[in-house]
Amino acid sequence: MRHQWRFLLFRNYPRSSLQFTGSSYYFQVPFNPNLTLHESLHTLSSLLPTSSHTFYSRFSRLPICYSRLINLIDPKNPNFRNPMICSYSSEPAMEQKESDFTVVSDIFYKFSDVNDISKQLELSGVVFTHEMVLKVLKNLESSPDEARRFFNWVLEKESERLSSKTYNLMLRIVGVHGLVQEFWGLVDVMKKKGYGVASHVRNKMTEKFEKEGLESDLEKLKGIFATGSIDNSIEKVASRICKVVRSDIWGDDVERQLRDLNVTFSNDLVKFVVDKLGDEPKKALIFFRWAEESGFVKHDESSYNAMASVLGREDCIDRFWKVLDEMRSKGYEMEMETCVKVLGRFSERNMVKEAVDLYEFAMACKNKPSVNCCTFLLRKIVVSKQLDMRLFSKVVRVFRENGNVLTDAMLNSVLKALISVGRMGECNKILKAMEEGGFIASSNMKSKIAFRLSSAGKKDEANEFMDHMEASGSDVGDKMWVSLIKGHCVAGDLDKAADCFQKMVEKEGTSHAGYAIDLLVNTYCSKNRAIDACKFVHNCVREYDLKPWHTTYEELIKNLLVQRGFKDALSLLCLMKDHGFPPFVDPFIKYVSKSGTSDDAIAFLKGMTSKRFPSMSVVLCLFAAFFQARRHSEAQDLLSKCPRYVRNHADVLNLLYSKKSGGDSAPAVTA
């Protein structure tokens, strides 16, 4: 039987060991974003061979902005996920951000110089996809100059994103705005590419030409459809081929029907057919092999990439690798869009090992994936059902061997992924694997790790991390210790936080002790343990001669009084005096006047000053507060216990007289 290779397609193939990198042919086209579409396309076409096969083969290999394309899978932007790329959780992937289309539109509104445009697009980090191009053009429909500038830019920089739909949308824009010459010039270019004029464009332009009395253009448009523009478009031809291929099991009858179509094959057509047969990858591969074996076409880089993109799935993995290795052996490169699409599919289906192997393959190509691709894979590995450190180390090794450097941002992104699946305890393994790849964490990054481990309640892992830092000769420093203490406070482990505080003071000194004391005191107070916080402060002062902040004293005093710790609060007044801070009287006056006794009031007045008694202004404030609280008897008791000079003071007597005379309120007295 002829073509026995067809049966071989259904066998499993071991992956080839081919590892060399083929060279690719590139060319540069001078780009002027302000040229008309006809001029721009003519300039580009003049540099290319006229055959459809060669045109698409080379045109599809124009340099593209790989760094922006790879951002398709970057977790740095938490609000954006491509439909092809899996999320890091069980939730479905999200569509591209609507704001991205507006950002691109605004750039082409504001800038006309190609360098300015490229710079702004690079800064925006926007990814160009086929859908993106269509939506931006729709945004620019009312502005033909900007639409033309955008289309020309995509034509030169991201030509793979252009399709029959894109050309038809641009055709409609120039036609609706009366740019008739450009309209017909673009129609000619579309004919050469095998694209037909869409019916929505025909209807709109028929109405336009009739309204403006352009009879000759109207007849010309009718003539295009009379010659079968739609039926002979590359999409329609591809649809007819797919219909035949899907209709029956592949055999001589299917091959005969395909030949009877009298189709002129090109790589562009093969690419369309393979894409359309994506849900039946084995039939797509049979057609792909048959088209070349029958002499209809010689596959180029674009058709190989289309085939690889279709085969990149779990049930065709051996064939996928065979096509990739075959493509490389012929000197073709894997396009970055293919890498992104298949990598996303592997990730979505939890084919982590295959995704790592694909990354290794792509890193051996001339145009390598960006740093974001490595970060994406590392994140995917750590959130997988089983954390495979072998795969993690492999990605790190491949990344490093290609001259790249691991950064804090990459580790930070990986740690966020670990936290999202409750695996922060594996942080030390991740850190050591990256250090083996040459990574050196900054002091800020080390502090973040210390905080994240302790705040997650990973006491043992936090201790292991600190021990590792000290053993490796790293300068631990106050900042890392404070971060560790803060994390324990967040986790509510005050005993561990206090223990770390003690170690910090003993090893690093007292330069950051004030902040750490404040953290601990506030955490104690938030857990209604103000008395324990007071003991901690006294111990810090007594054992290490530390000086808490003024605000720390004030906050602790307020919480002690709320928690009925009046005597403990008074004890802090003595410490404040020793540290040169003014007494904090307001909460004491409020507490004593509302719920304290006359003895409490005397204890407060004596405790707030090193003298026998405080100033009369404080005494008057306290009496006024008692009267304000309608506790006259307690005020009288207090008066009887005050020194004689206080009892006989004119202001005190006036205040008492005003109350006995039936005054509704005490006079305002300010300390």
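The values are calculated or read from the model by the stated rules, or taken from the named source; none is laboratory data. These numbers come from a predicted model, not from an experiment. Every residue, glycine as well, gets a Cβ built from its backbone with ideal geometry; the counts of neighbours run over all protein chains shown. Note: accessible area is taken over every heavy atom of the protein model, side chains too, but ligands, DNA and RNA are not part of it. Shrake-Rupley method; radii C 1.70, N 1.55, O 1.52, S 1.80 Å.
Does H468 count as within 18 Å of N539 (Cβ to Cβ), under 32 Å from the mean Cα position of the chain (by Cα), at pLDDT 85 or above and assigned to a helix (DSSP H, G or I)?
Considered against the rule, which asks whether it is within 18 Å of N539 (Cβ to Cβ), under 32 Å from the mean Cα position of the chain (by Cα), at pLDDT 85 or above and assigned to a helix (DSSP H, G or I), H468 comes out as no.
Mind checking which residues of region 268-308 are hydroxyl-bearing (S, T, Y) and in contact with a Lys or Arg (Cβ under 6 Å, 6 or more places away or on another chain)?
Selection gives S302, S303.
Could you check how many residues of region 614-627 are over 25 Å from K577 (Cα atoms) and either touching a residue at least 40 places away in the same chain (Cβ under 8 Å) or loosely packed, with under 14 Cβ neighbours inside 10 Å (or both)?
Selection size over region 614-627: 1.
Among the residues of region 156-182, count how many are of a type in the set (A, V, I, L, M, F, W, C), modelled with pLDDT of 85 or more and assigned to a helix (DSSP H, G or I).
The total comes to 5.
Can you work out which of the residues in region 189-207 that are without any contact (Cβ under 8 Å) to a residue 60 or more places away in the chain, in a loop (DSSP other than H, G, I, E, B) and not β-branched (V, I, T) is nearest to S164 (Cα to Cα)?
Y195
Would you tally the residues in region 425-463 being part of a helix (DSSP H, G or I) and either closer than 26 Å to L377 by Cβ or among the hydrophobic types (A, V, I, L, M, F, W, C) (or both)?
So the count comes out to 23.
Which of (1) assigned to a loop (DSSP other than H, G, I, E, B); (2) under 30 Å from R423 (Cα atoms); (3) hydroxyl-bearing (S, T, Y) does Y332 not meet, given it meets every other one?
If we test Y332 against (1) assigned to a loop (DSSP other than H, G, I, E, B); (2) under 30 Å from R423 (Cα atoms); (3) hydroxyl-bearing (S, T, Y), just (2) comes out false.
For region 471-485, enumerate the residues that are among the small types (G, A, S) and in a helix (DSSP H, G or I).
A471, G477, S483
Taking region 499-517 on its own, how many of its residues are small (G, A, S) and buried (at least 20 other Cβ atoms within 10 Å of the Cβ)?
The qualifying residues number 2.
Could you please give the count of residues in region 518-545 that are open to solvent by 10 Å² or more (accessible area, probe 1.4 Å), farther than 25 Å from S595 by Cα and either of a type in the set (A, V, I, L, M, F, W, C) or more than 39 Å from the chain's Cα centre (by Cα) (or both)?
Residues meeting the conditions: 9.
Kindly evaluate V352 against the criterion of being β-branched (V, I, T), at pLDDT 90 or above and either in contact with a Ser or Thr (Cβ under 9 Å, 6 or more places away or on another chain) or buried (at least 21 other Cβ atoms within 10 Å of the Cβ) (or both).
It is true that V352 is β-branched (V, I, T), at pLDDT 90 or above and either in contact with a Ser or Thr (Cβ under 9 Å, 6 or more places away or on another chain) or buried (at least 21 other Cβ atoms within 10 Å of the Cβ) (or both).
Which condition number does F361 fail, the rest of (1) within 18 Å of G312 (Cβ to Cβ); (2) surrounded by 24 or more Cβ atoms within 10 Å (Cβ to Cβ); (3) without any contact (Cβ under 8 Å) to a residue 60 or more places away in the chain being met?
Condition not satisfied by F361: (2).
Quick check on this structure: which one of S266, S233, S294, S247 is small (G, A, S) and open to solvent by 50 Å² or more (accessible area, probe 1.4 Å)?
Going through S266, S233, S294, S247 in turn, the sole match is S247.
Report the residue count in region 388-411 for those that are buried (at least 17 other Cβ atoms within 10 Å of the Cβ) and without any contact (Cβ under 8 Å) to a residue 40 or more places away in the chain.
11
Pick from region 278-291 the residues that are closer than 25 Å to N350 by Cβ and without any contact (Cβ under 8 Å) to a residue 60 or more places away in the chain: which of them is surrounded by the fewest Cβ atoms within 10 Å (Cβ to Cβ)?
Residue satisfying both the conditions and the ranking: D279.
For region 209-219, does any single residue satisfy the condition of being over 41 Å from the mean Cα position of the chain (by Cα) and under 21 Å from V263 (Cβ atoms)?
no
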